[in-house]
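The values are calculated or read from the model by the stated rules, or taken from the named source; none is laboratory data. For clarity, every value in this text was computed on a predicted model and none was experimentally measured. Neighbour counts are summed over all protein chains in view; Cβ atoms, including those assigned to glycine, are modelled from backbone coordinates with ideal geometry. Side chains included, ligands, DNA and RNA excluded: accessible areas come from the protein's heavy atoms. Shrake-Rupley method; radii C 1.70, N 1.55, O 1.52, S 1.80 Å.
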Amino acid sequence: MNEPKPLPIAARAEGCPFTPADELYEMQRSEELPRIMVPSPLLDEFEAATITRYEDAKNALSDTRLRMGFVFDPEAPRTMLNQPGNLLNYNGADHSRLRRMLTGAFTVKRVRSLRPMIERIVSDRLDAVEQAGAGADLVQLFSTPIPTLVICELLGVPYADRADFQHRAQVGLDVNTSRETQIRNLAEMDEYMATLIASHRESPGDNLLGSVVREHGDELTDDELVGIGNMLLIAGHETTASMLSASTTLLLRNPDQLAVVRDEPDAVDGAVEELLRYCSPATAMPRQAAADMSVRDQEIGEGERVVVSVLAANRDLPEAEERDLDELDVRNPPKHHVTFGYGAHQCLGQQLARMELRIALPALFNRFPTLRFACPEEDIEYRTKALVFGVRNLPVTW
Amino acid sequence: MNVDVDQPRCVAAGHCVSAAPEVFDQRDEDGVVVLLDETPGEHEHERVREAALLCPSAAITVREGERPS
Ligand code: HEM
Ligand code: SF4
């Protein structure tokens with residue numbers, strides 16, 4: 001077995017933030033599952049068996065012996081992730097018990113009914129971009145607020161509280177803040193979420209969180225409800241914001257593909273799937289083996305950690321035989337991808353995320369048909385080292 | 001074609017309903033799959049195969065070639 005390599009699982013090629021690094025492809029070719037060191041805010045770093053092939057990823061993620069890596073620990077300090085109610089902290093029957101209480105709110109039908117609300121939010125944000133004029137930063141004015149405001153609607157955050165709510169959500173993502181700031185911010189988020197839960201308990205709102213309280217309030221503690229609210233925010237806003245920004249930069253660099261999204265409504269759904277595959281914003285999924293097991297014929301020992309690279313697996317789909325998966329091609333959407341994960345934890349909010357992207361991207365390019373970068377392309381900064389890929393700035397003009 | 005669904009396995013991701021709305025639905029209360037048509041007509045077959053491929057929990061089983069019983 002190789003020595004573990006000090007390589008982030010989402011390494012990108014020099015010069016292209018969207019292309020996986022050669023090392024990732026090297027791992028994909030290797031028959032063995034390489035053990036690499038994965039940096040982690042909770043554990044500093046840990047060694048993990050790395051899964052980079054698509055078929056291996058699907059098999060691993062649907063194998064019940066692979067558990068969520070950072071299971072809820074009530075003894076450890078409470079953090080955004082370490083909370084009751086967060087689905088990503090549960091396994092097996094505990095997980096399905098909680099998940100079943102939420103899935104009713106995310107059915108295809110329920111998500112479709114949210115369309116007018118999302119259209120309104122998008123159109124307001126486009127007004128804000130227009131008002132800001134040439135040089136407007138789409139990250140600040142478009143990609144970040146849209147998913148946060150959608151979550152405000154789901155949680156029933158009153159208008160008066162939204163500016164503060166958005167501010168806390170942004171601080172939560174800002175890696176340039178001190179530990180103290182993060183701790184204080186987290187306490188404020190918990191406190192706010194608790195007041196929100198209290199008001200839903202009194203009179204459940206006509207929104208997602210209200211319906212969870214109405215239908216399952218007697219089976220859930222306040223603590224769990226706070227955790228559910230926080231989870232929806234964490235899981236739903238950074239990933240979706242990343243997709244909006246990354247898709248926009250990619251399409252601005254490929255004007256013929258941008259034209260497809262702008263001018264051909266029937267092609268939008270497929271284009272969004274291809275953008276999801278190509279961007280892979282949630283780059284990796286950590287797990288831990290609860291028993292000795294194997295993926296393909298490769299052994300993984302009980303207690304070993306495992307990480308699945310979404311980025312690499314999405315370049316290894318069966319379609320690889322017919323087309324170059326390192327190229328974006330919105331006219332040639334993948335049949336399937338693992339951008340939303342796979343198995344029991346597959347993204348709860350995926351139909352909502354799709355709906356946001358399908359509405360927001362064409363709306364942006366139709367409002368500003370001559371949209372272009374307001375800075376040299378090289379000045380766009382990407383966040384490639386964090387668990388969630390991101391675009392830091394996206395100044396545009398039209 | 002015969003279709004079967006395994007409700008306890010379903011994680012309510014909704015792919016089946018998006019792919020083949022005539023064959024699958026989701027329960028309102030928890031999003032779990034409901035089979036509307038066990039023996040869908042020829043024109044649905046491709047969509048049903050797609051649903052089975054997309055389903056992240058292998059909750060959909062398709063047996064090809066069987067006559068509607
Ligand atoms: C493009 C945007 C999004 C991407 C790429 C994404 C990606 C993912 C991935 C990969 C997972 C699985 C993690 C794992 O198995 O380790 C996940 C889980 C989850 N996502 Fe998303 N997500 C997105 C948007 C959303 C939205 C909008 C919401 C809700 C408002 C949401 C809520 C959740 C929840 C609650 C889970 C946990 C599910 C469980 O553990 O059962 N996501 N997401
Ligand atoms: S695709 Fe599978 S998991 Fe999703 S709702 Fe249908 S049967 Fe359930």
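May I ask you to evaluate 6.51 cos²θ - 1.76 cosθ + 1.60, the Karplus curve with θ = phi - 60°, for each residue of the stretch A:309-324 and list the ³J(HN,Hα) values in order in whole Hz, giving x for glycine and proline?
8, 5, 3, 6, 4, 6, 9, 10, 6, x, 5, 3, 5, 9, 8, 7
Under 14 Å Cα to Cα from A:Lys58, which aspartates and glutamates show up? Leave out anything in the same chain fewer than 8 places away.
A:Asp316
Quick one: Cα centre-to-centre distance for the stretch A:153-197 and the stretch A:267-301, in angstrom?
If you average the Cα positions of each part, the centres end up 30 Å apart.
In a Gaussian network model over chain A where Cα atoms closer than 10 Å are linked, find which of A:Arg305, A:Arg100, A:Arg358 has the largest mean-square fluctuation.
A:Arg100
Hey, with R₀ at 30 Å, roughly what FRET efficiency would A:Asp269 and A:Ala13 work out to, going by the Cβ-Cβ distance, to 0.05?
For R0 = 30 Å, the calculated efficiency reads 0.55.
Measure off, as a whole percent, the carbon and sulfur share of the 1.4 Å-probe accessible area of the stretch A:54-195, all protein chains present.
Within the stretch A:54-195, the accessible surface is 53 percent carbon and sulfur.
In what order, largest first, do A:Leu186, A:Leu126 sit by accessible area if the probe radius is 1.4 Å?
Of A:Leu186, A:Leu126, the descending order of accessible area is A:Leu186, A:Leu126.
Looking only at other chains, what is the average number of their beta-carbon atoms within 10 angstrom of each beta-carbon in B:19-29?
The mean count of partner-chain Cβ atoms within 10 Å per residue comes to 3.
Just to check I understand the Karplus step: with θ = phi - 60° and J = 6.51 cos²θ - 1.76 cosθ + 1.60, what whole-Hz values come out for the stretch A:221-228, glycine and proline as x?
Per-residue couplings from phi come out as 7, 4, 4, 5, 5, 4, x, 5 Hz.
Just to be sure I understand: with springs between alpha-carbon atoms less than 10 Å apart, which residue in A:Ser96, A:Ser280, A:Ser178 has the highest mean-square fluctuation in the Gaussian network model of chain A?
A:Ser178
Under the rule of at least 5 residues apart or a separate chain, name every residue whose amide H is placed under 5 Å from the amide H of A:Tyr382.
For A:Tyr382, the qualifying residues are A:Arg392.
List the residues, sorted by chain then number, that are 5 or more residues from A:Leu317 or on another chain and whose placed amide H is less than 5 Å from its amide H.
When sequence neighbours closer than 5 places are left aside, there are no close amide H contacts.
Would you mind giving the total buried accessible surface between chains A and B, with a 1.4 Å probe and ligands, DNA and RNA left out, rounded to the nearest 100 Å²?
1600
Could you work out how far apart the two model spin labels at A:Cys375 and A:Asn393 are, taking each label as a point 7 Å from the Cα in the direction of the beta carbon, and quote it in nm?
That separation, rounded to one decimal, is 0.3 nm.
Give me the accessible area of A:Lys109, 1.4 Å probe, in Å² rounded to the nearest 10.
Counting only protein heavy atoms, the figure is 110 Å².
Measure off 7 Å from each Cα along the Cα-to-Cβ vector at A:Ala291 and A:Val171, then give the distance between these two points in nanometres to one decimal.
4.6
Across peptide B:31-40, what mean number of C-beta atoms from other chains lies inside 10 Å of a residue's C-beta?
Mean partner shielding for this stretch: 2.
Arrange the peptides A:87-93, A:307-313 so that the one whose residues have, on average, the most other Cβ atoms within 10 Å appears first.
Numbers: A:87-93: 16.9, A:307-313: 27.6.
Going by the mean number of other Cβ atoms within 10 Å, highest first, we get A:307-313, A:87-93.
From the backbone phi of the stretch A:385-398, what are the Karplus-calculated ³J(HN,Hα) couplings (6.51 cos²θ - 1.76 cosθ + 1.60, θ = phi - 60°) in whole Hz, Gly and Pro given as x?
Each residue's phi maps through the Karplus curve to give 9, 7, 4, 9, 5, x, 10, 8, 8, 8, x, 10, 9, 7 Hz.
Using the per-residue mean of other Cβ atoms lying within 10 Å as a proxy for protection, in what order, highest first, do the peptides A:331-338, B:15-22 fall?
Those peptides, ordered most packed to least, come out B:15-22, A:331-338.
Mind listing P(r) for the stretch A:8-397? All alpha-carbon pairs, 20 Å bins, whole percents.
27, 60, 13
Dipole magnitude of chain A about its Cα centre, charges +1 at Lys/Arg Cβ and -1 at Asp/Glu Cβ only, in debye to the nearest 20?
Dipole about the Cα centre, nearest 20: 880 debye.
Long-range amide H contacts for A:Ala136: which residues qualify at under 5 Å (H placed 1.01 Å from N, peptide plane, sequence gap of 5 or more or a different chain)?
Under 5 Å from the amide H of A:Ala136: A:Val396.
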